[in-house]
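K.L.:
The structure under discussion is supplied below as structure tokens; questions concerning it will follow.
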Amino acid sequence: MIISASYRTDIPAFYGRWFLNRLRAGWCAVPNPYGGRPSVVPLAGPLVDGYVFWTRNLGPFREALEAVGGLGLPFVVQMTITGYPRALETSVTDAARAVAQLRGVRARWGKRAAVWRYDPILFTGLTEAAWHRANFARLAAELEGAVDEVVVSVAQVYAKTRRNTDAAAAAAGFSWRDPPVEERAALVADLADLAAERGMRLTLCTQPELLAALPADAPVGAARCIDAERLSALAGQPVAAKTKGNRPGCLCAESRDIGVYNSCPHGCVYCYAVRHRDRARATHRAHDPAANSLAGELAVGKRAGILT
């Protein structure tokens, strides 16, 4: 089993103490985001093959990474570094600091343990295509040698994304748009060339219609963010996991995510995992690192320690 921690919230940045407590316990409870009873997910032992950590700030999580590594479990850090203006990302770690953290992963755990994410790509009056090309080129130069893959996506406009981005645009005085597929494809192709110049392969996260619109010779592949092959290389032995994406076009290996929605206080206006920023901040403030789940203590009874 591969544990995802977490595409629903930034566990390394905000919930590292809770994760360490649950790692020592050997399991955690995870509420069902669609209702129903919670799950119990093992975090160590023979059922666990490895981890994928998703974050924008790895600084508070160093002890946890050492603990996971000490158990002999392979892990991959999927780290988002965009360098966007504060109007779009109000509370994320400075890009230079994030670059240093990702280079630290490469130095300590090897290049295969680190993946750079430049996503989502948002077209605004502050971040038009030319801005992205220059910004991406700068970050790619700073990360050369630290990663072998960069994952990108173009922002998908969900109802909650539109509401939050509209509110931020009105408050900060910028405009934003959802460009046609041809414009998105042209930018992604250019970013792929820039990545290749720095020894990185650019992959596109779960956007098959955009992948199909790219030139045939564009050095772009489909992303596998939960990547059993990468974990196998780190483990030195096969990690068996079937492909089981969470939406059409997703090529991720099957995993269990241990996060909860509406709990990340980073304040990114485009975030699909946060419906209301005030609620996310309140959830973080009320968080109990001693609880068995990120959502607080959940009743699991005799199921504790058993995969359900």
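K.L.:
If Arg279 meets every condition in (1) out of contact with any strand residue (DSSP E or B) (no Cβ under 6 Å at 6 or more places or on another chain); (2) under 22 Å from Ser39 (Cβ atoms); (3) of a type in the set (Lys, Arg); (4) outside any loop (DSSP other than H, G, I, E, B) apart from one, which number is that one?
P.N.:
In the conditions (1) out of contact with any strand residue (DSSP E or B) (no Cβ under 6 Å at 6 or more places or on another chain); (2) under 22 Å from Ser39 (Cβ atoms); (3) of a type in the set (Lys, Arg); (4) outside any loop (DSSP other than H, G, I, E, B), Arg279 misses (2) alone.
K.L.:
Can you work out which of the residues in the stretch 24-76 that are of a type in the set (Lys, Arg) and modelled with pLDDT of 95 or more is surrounded by the most Cβ atoms within 10 Å (Cβ to Cβ)?
P.N.:
Arg56
K.L.:
Which ones in the stretch 113-145 are in contact with an Asp or Glu (Cβ under 8 Å, 6 or more places away or on another chain) and crowded, with 20+ Cβ neighbours inside 10 Å?
P.N.:
Matches in the stretch 113-145: Val115, Trp116, Phe123, Ala140.
K.L.:
Name the single residue that is surrounded by the fewest Cβ atoms within 10 Å (Cβ to Cβ) among those in the stretch 146-161 being aliphatic (A, V, I, L, M) and under 17 Å from the mean Cα position of the chain (by Cα). Give the steps one after another, and end with the answer.
P.N.:
As a first pass, look at the stretch 146-161 and keep what is aliphatic (A, V, I, L, M): 146-147, 150-152, 154-155, 157, 159.
Keeping just the survivors that are under 17 Å from the mean Cα position of the chain (by Cα) gives 147, 150-152, 154-155.
Numbers: Val147: 28, Val150: 25, Val151: 21, Val152: 25, Val154: 22, Ala155: 19.
Per the stated criteria, the residue is Ala155.
K.L.:
Also: How many of the residues making up the stretch 126-151 are closer than 20 Å to Leu102 by Cα and part of a helix (DSSP H, G or I)?
P.N.:
9
K.L.:
Identify all residues within the stretch 177-193 that are buried (at least 20 other Cβ atoms within 10 Å of the Cβ) and under 27 Å from Arg112 (Cβ atoms); write none if there are none.
P.N.:
Passing the criteria: Val188, Leu191, Ala192.
K.L.:
I'd like the residue in the stretch 192-238 that is acidic (Asp, Glu), assigned to a helix (DSSP H, G or I) and over 27 Å from Ala107 (Cβ atoms) and, out of all such residues, is farthest from the chain's Cα centre (by Cα). Lay out the reasoning, then the answer.
P.N.:
The first filter runs over the stretch 192-238 and keeps only residues acidic (Asp, Glu), leaving 193, 197, 209, 217, 227, 229.
Filter once more, keeping what is assigned to a helix (DSSP H, G or I): 193, 197, 209, 229.
If we keep only those that are over 27 Å from Ala107 (Cβ atoms) as well, we get 193, 209.
On the way: Asp193: 23, Glu209: 21 Å.
Restricting to residues being acidic (Asp, Glu), assigned to a helix (DSSP H, G or I) and over 27 Å from Ala107 (Cβ atoms), the top hit is Asp193.
K.L.:
Within the stretch 239-265, track down each residue that is touching a residue at least 24 places away in the same chain (Cβ under 8 Å), assigned to a strand (DSSP E or B) and of a type in the set (Ser, Thr, Tyr).
P.N.:
Hit for the stretch 239-265 is Ser255, nothing else.
K.L.:
Regarding Gly110, is this residue more than 30 Å from Ala213 (Cβ to Cβ) and free of Cβ contacts under 8 Å to residues at least 40 places away in the same chain? Lay out the reasoning, then the answer.
P.N.:
Numbers: more than 30 Å from Ala213 (Cβ to Cβ): yes; free of Cβ contacts under 8 Å to residues at least 40 places away in the same chain: no.
Judged against the criteria, Gly110 is not a match.
The values are calculated or read from the model by the stated rules, or taken from the named source; none is laboratory data. Here the structure is a predicted model, which is why all the values come from computation and not from measurement. So basically every Cβ, Gly included, is an ideal-geometry build from the backbone, and we count neighbours across all protein chains shown.
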